[in-house]
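Here's the structure, in structure tokens; my notes come after.
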Amino acid sequence: MTCIVDYPTKKAFREALAVQGPALSIEDPSVFAPYFGAIASHPDIASGRAITVTNHPKRSWFASVDGAMKVS
């Protein structure tokens, strides 16, 4: 599922992640496993998988974040 953050651009998200690091808050609105909290504690990140992040409600950009908090 795609996680949601409140940043208007991918660049703004990347900069916020650089400043806040693993404490940056995200929301995963999944019906089966909803999550709200720090990005480092997301179940997928914690188990070594990357997550997809986007802005809401526009969904004008998408980013992949891995366990090393690297945005691509």
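Can you tell me which residue in the range 12-53 is modelled with the lowest pLDDT, limited to those that are aromatic (Phe, Trp, Tyr) and over 13 Å from Met69 (Cβ atoms)?
Among residues in the range 12-53 that are aromatic (Phe, Trp, Tyr) and over 13 Å from Met69 (Cβ atoms), the one modelled with the lowest pLDDT is Phe32.
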- Result of the Cβ filter at 8 Å on the range 32-44, keeping first residues that are free of Cβ contacts under 8 Å to residues at least 24 places away in the same chain and partners that are in a strand (DSSP E or B) and among the aromatic types (Phe, Trp, Tyr), at least 6 apart or interchain, is Pro43/Tyr35
- Quick one: which strands (runs of 3 or more DSSP E) sit completely within the chain and have at least 2 residues that are crowded, with 16+ Cβ neighbours inside 10 Å? 3-5, 25-28, 51-55, 62-65
- Query: Restricting the search to the range 36-72, which residues are among the charged types (D, E, K, R) and closer than 14 Å to Leu17 by Cα?
  - Reply: Asp66, Lys70
- Task: Please verify whether the range 17-31 includes one or more residues that are out of contact with any Cys (no Cβ under 6 Å at 6 or more places or on another chain), on the phi < 0 side of the Ramachandran plot and of a type in the set (Asp, Glu).
- Result: yes
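The values are calculated or read from the model by the stated rules, or taken from the named source; none is laboratory data. Just so you know, these numbers come straight off a predicted model, no measurement behind them. Using ideal geometry, Cβ is built from the backbone for each residue, glycine included, and neighbour counts are taken over all protein chains shown.
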